[in-house]
Each structure stands twice: as structure tokens, then as C-alpha cells.
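Take a look at the structure set out below.
The values are calculated or read from the model by the stated rules, or taken from the named source; none is laboratory data. What you are looking at is a predicted structure, and each value in this text was computed from that prediction instead of being measured. Cβ coordinates were reconstructed from backbone atoms using ideal geometry, including for glycine residues, and neighbour counts include every protein chain displayed. All accessible areas refer to the heavy atoms of the entire protein, side chains included, with ligands and DNA or RNA removed. Shrake-Rupley method; radii C 1.70, N 1.55, O 1.52, S 1.80 Å.
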Amino acid sequence: MSKLNRRTVLRGMVGGVAVNVALPLLNCFLNTNGTAFASGKPLPVRFGTWGWGLGMTKKIFVPQKYGPDFDLPEEIVALAPIKQHMNLITNTQAFRDNYQNLCHYTGWVIARTGAAPKDNKDIPGETIDVTIANQIGGSTRFKSLTATATGDVRNTYSYENSNTPNSPEWSPLQFYTRLFGPDFPDPNAESFTPDPRVMVRESVLSGVMDQTKNLMNTVPADDRARLDQYFTGLRHLEQQFQQRLEKPEPIEACVRPGEIKVDPAMGQEQEAVALRHRMMTDLLVMALACDQTRVFNMAYTNANSSTIKPGYEKPHHTTTHEEPIDMKLGYQPTASWFTRRAMESWAYFVEAFTKVKEGDGTLLDNVFIYGTTDHGYARVHSLDNIPIFTAGRAGGKVKTGLHIDGKATAGTRVGYTALRLFGVDKPSWGVNSNNTSQEVGEILV
């Protein structure tokens, strides 16, 4: 057995100075209990996710027509400005297999990981954004960026594993400072001075990385997997540090946004959530235009949405459970009001990418966005008839403007399509009934 313990660190020498890097918690420590940039370099293709809670009402959400030129029922009428830039896939399934339906949890976890959770603390594997970030996110300032409009740092759909959520940016002010504050490497600045702090951090990592191979041979198999994930992260850091020590290539689309000096109100009133969503969206879009990241996540609400309608005594989640169905309309009018506001924010999110010119088109032409929710019909916690959105053309690989019938197949087909678009070499994706090797071919060029 190895002589490793919780205090074990990697040690190295950099410029005659000793440096240490701590290890993650290992089981063996425990007891058995557009087309191109100006230079000709191809434009990057980015992947993102967008999430909203509490699904939809089929009667007034799902179009009657499939294919192009589909109709927009009243619950999604706000999508008219972006209809040509997105696809709507309806009638998809999230299969819980032998596990219980964990309300407001099972559906989105399956959509993001491909597997049904055992309990409401279980994330059965890394979420799809992490998988794709490991594929394409190593050469930018940030491997990925995650944000939420809820004002709550706990609301994220991005996980490295069950114990490691990727905490979202929840404050527009802090998000601005992180992206465009003093450390922003403006690609269009005339001069460039490497940050000495980055130089030191890069040197520290370089000083210990040569020990990784020997260390991998001294731990049990389960810990080798954990160390491999840890060192993969360190290697990504090395790549990011190296990138930050070189002058960025000029990017015409990159324009530093106006400074945010104060946060908006942090309540759950729908207007406040929508405002934060708009602010975070605008910052995220420009971060992508400036090539600070190529993978991103935005949560409009958490799965059991707490958004409040002015003058109404119940939040969105409670409304879906307790509001009676209007016998004349045939649906819950206030619950639908919340869904319509979510669709307005989805429309804003997608349209924001069209407003940035990139190459011969717009930023959206070089993006693929995967939009998910937790249920089909939230009132009965349905895992069938779940709608999924995509937006963007992924560098010309994806067709848009379509309504696709999922034909009651696994919604993980959309996630698998995204993985294949970004070069993740998997013969299939998902577990048990959610496993699929079938792409959504209708949207592929």
C-alpha cells in the first residue's frame, strides 16, 4: 500500500524555489467506511446550455405543424423573433428506469447526464457541458462559464460529479468584474504585458506535473480515476495560463461593455429575474465574442422555479401544484403566465447572439445551445412530452427553424447530437433506457 496521506503534496522546484501543490481527497486517504479570423484561423464553435423550470402546457405550447414554418401557440408566441434561429424538439421522454420520479430533479438530470438519479443528491456523472468543455475548453481564459438569473449561488445545472457543482455567477456586478475588470486581456489593445501572477501560477504547475505519472502508479484503481480527473483539470489550467501569457489575436467582434457599478435588486419578482437574466446574458455573449470561453451555461430559473408574479400570492412552483384549471381555457392561466415569461427570456438569450457580427455572419452561427427543463407537464410531474430547444448553427453543421417530433424516444438523443457535433468520440450516450446512439438527424446538415 502507498504511503500517501491527506497531507501529501506534489513538490517541485521553480527557479530554485520550492513549490507545493496539494492533492484532492482520495479514497486511499479514508478508512474503509463565420468562417475565420483576420489571420485565417477558423472561427471557434461554442457550446452552451440554457435551463428553465416547470416545463409547459402541451395544449398551448406544442405546435400543430412539424418541420419548417411551424406555428407558434400562445404559450410560445414570444419566440417569433428567433424562430428561424432555433429548433424545438417535442414529445421526448426521460426514462426513470427502476428509480422513483424525483420531482423537478429526475428530468433535468437525465437531460444533462444521460442517466436517472438514484436520489435527489445524486448526479450520476459529469454534465454534458463539462464533457464538452474537456474537449474544447482548454485554450481559453475560462474553461467554461456558468451563470444564473436567480440571484442564488446554489442554482446550477452544471456538475463535475455529485459532490462538485460548478457554482454559477449570480451577481451581474461580480460577473462583469471577473470578465471585464482589471484582469481582462483585451485582444484589441495596442500593447500587451503578461500578468506576473499568471507567470508564477504556470511555473508552479509546471514544477510538479512531471510527478503525476509516478503518483498514478502508487494509488488504487478507484483513486487513479479521481486523480486523472484532477490532473486533467491541472493540464487545462496550464493551457489557460499559457494562453494568457501570449498577446491575444485581435477580434473585431470584441467590444468591452459598459461598466456595471451596482447590482440590480436580488428578489424573486419576475421583473427582477428577467433583468438579471438580460444583464448576465449580455455579459456572457460578449465574453464569447472576446473568446474568453467556448463553453457556457445559463439558468433562467432553478428547476422548481421560485419566480413571483406581482400581486399574486404564490410562486411559480406552488402555482403549478395548487392553481385550479380554468374550465373555459382548459389550463392553469397563472402557471402559463410564468412559462410565457420564461419563453420571453429564452428569446432574449438567443437573439442576443444574433446582434454580434462575427465573420460573414453572427455569433449565433458559431454556437450550439441546448435548452432543457425538468418536466413535460409540471402539474403532474410528467417525464413524457418534455420539450427541448436548440439554437445556433454550430459553424454550419446544424439546420434551424424546425419543429421535430421526438416520437416518444429518449430526449438524450439531443444531448448525444451535441456531443458528436463537438467531436466527443462516444459510440453512445446515456444509461439503461436513456442510452442512445441515435442523433437527431433532422437538424443536421
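Take the Cβ atoms of D183 and D263, set R0 to 22 Å, and the FRET efficiency comes out at 0.65. Enumerate the residues in region 48-64 having an amide nitrogen under 18 Å from the point lying 7 Å beyond the Cα of N101 toward its Cβ. Hits in region 48-64 for N101 at 18 Å: 53-59. Over all orientations, region 323-402 has a Cα convex hull whose mean projected area works out to 6.6 square nanometres. Spin-label model, Y312/K355: points 7 Å from Cα along the beta carbon direction are separated by 2.7 nm.
Using a Förster distance of 30 Å, how high is the FRET efficiency between M327 and V380, based on the Cβ-Cβ distance and rounded to 0.05? Between M327 and V380 the formula returns 0.95.
Over region 325-395, accessible surface divided per residue gives 32 Å², non-protein components excluded, 1.4 Å probe. Please give the residues of region 363-377, grouped as numeric ranges, whose backbone N is less than 17 Å from a label point set 7 Å along the Cα-to-Cβ vector of E442. Of the residues in region 363-377, 371 have backbone N under 17 Å from the label point off E442. Placing dummy labels 7 Å off each Cα toward the beta-carbon, the span from L173 to E271 is 2.1 nm.
If you take the square roots of the eigenvalues of the alpha-carbon gyration tensor of region 122-164 and sort them as a ≥ b ≥ c, do you get rounded (a/c under 1.5), prolate (a/b over b/c) or oblate? Since a/c reaches 1.5 but b/c is at least a/b, the shape of region 122-164 is classed as oblate.
When the Cα convex hull of region 61-110 is projected onto planes of every orientation, the mean area is 4.7 nm². Shown for region 310-445: the carbon plus sulfur share of the solvent-accessible area, taken with all protein chains present and a 1.4 angstrom probe, equals 49%.
Dividing the radius of gyration of the alpha carbons in region 247-315 by their Kirkwood radius gives 1.10 for Rg/Rh. Using the 1.4 Å probe convention, the accessible area of region 46-200 works out to 40 Å² per residue with neighbouring protein chains retained.
Once the Cα-Cα distance is subtracted from the 0.36 nm per residue extended length, the R256 to D71 segment shows a gain of 62.8 nm.
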